[in-house]
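Worksheet for the structure shown next.
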Amino acid sequence: MEPNALQAQAVELLGGQVILFCFAFIFYGITVTQTYVYMLNSKEDPLWIKVWVMTISLLETLHSAFSMRLLYYTVVLSFGRLDMVGLVDWYGLSLISSLFRRSD
């Protein structure tokens, strides 16, 4: 496949993904800022609300980390291999399952 056709296919397949990840990272920054401001001003809130806010922030951090890893894997490590674009990367799931694995 000639370079121009490969580039056009890569833009078609990955362009939207990269743009959406950029928006997700912008919203992650907004979430971190809101969490920080909330923690500074939440002296009188019940503990369960503070725990809930921190849990959501932790989940958003994990989502952003896995998104960055997926973007790096798709755009950098698999560069030029368009057959890898449609495959599911199970790295995040295997990492999470290893955290909860029982050791006998």
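The values are calculated or read from the model by the stated rules, or taken from the named source; none is laboratory data. Everything numeric in this text was worked out from a predicted model, so none of it was measured. We place every Cβ from the backbone using ideal geometry, glycine too, and count neighbours over all the protein chains shown.
Given the criteria at pLDDT 70 or above, surrounded by 11 or more Cβ atoms within 10 Å (Cβ to Cβ) and under 19 Å from residue 15 (Cβ atoms), does residue 57 qualify?
Numbers: at pLDDT 70 or above: yes; surrounded by 11 or more Cβ atoms within 10 Å (Cβ to Cβ): yes; under 19 Å from residue 15 (Cβ atoms): no.
No: the conditions fail for residue 57.
Looking for whichever is of a type in the set (D, E, K, R), modelled with pLDDT of 90 or more and surrounded by fewer than 12 Cβ atoms within 10 Å (Cβ to Cβ) here; the options are 44, 12, 2. Which one fits? Walk me through it before giving the result.
Numbers: 12 fails: modelled with pLDDT of 90 or more; 2 fails: modelled with pLDDT of 90 or more.
So the residue among 44, 12, 2 that is of a type in the set (D, E, K, R), modelled with pLDDT of 90 or more and surrounded by fewer than 12 Cβ atoms within 10 Å (Cβ to Cβ) is 44.
Within region 39-58, which residues are under 25 Å from residue 24 (Cβ atoms) and polar (S, T, N, Q)?
55, 57
Looking for whichever is modelled with pLDDT of 95 or more and either surrounded by 10 or more Cβ atoms within 10 Å (Cβ to Cβ) or among the hydrophobic types (A, V, I, L, M, F, W, C) (or both) here; the options are 75, 18, 37, 85. Which one fits? Step through it out loud before you land on a result.
On the way: 75 fails: modelled with pLDDT of 95 or more; 18 fails: modelled with pLDDT of 95 or more; 85 fails: modelled with pLDDT of 95 or more.
That would be 37, the only listed residue that is modelled with pLDDT of 95 or more and either surrounded by 10 or more Cβ atoms within 10 Å (Cβ to Cβ) or among the hydrophobic types (A, V, I, L, M, F, W, C) (or both).
(1) at pLDDT 90 or above; (2) polar (S, T, N, Q); (3) over 18 Å from the mean Cα position of the chain (by Cα): which one isn't true of residue 103, the others all being true?
For residue 103, the failing item is (1).
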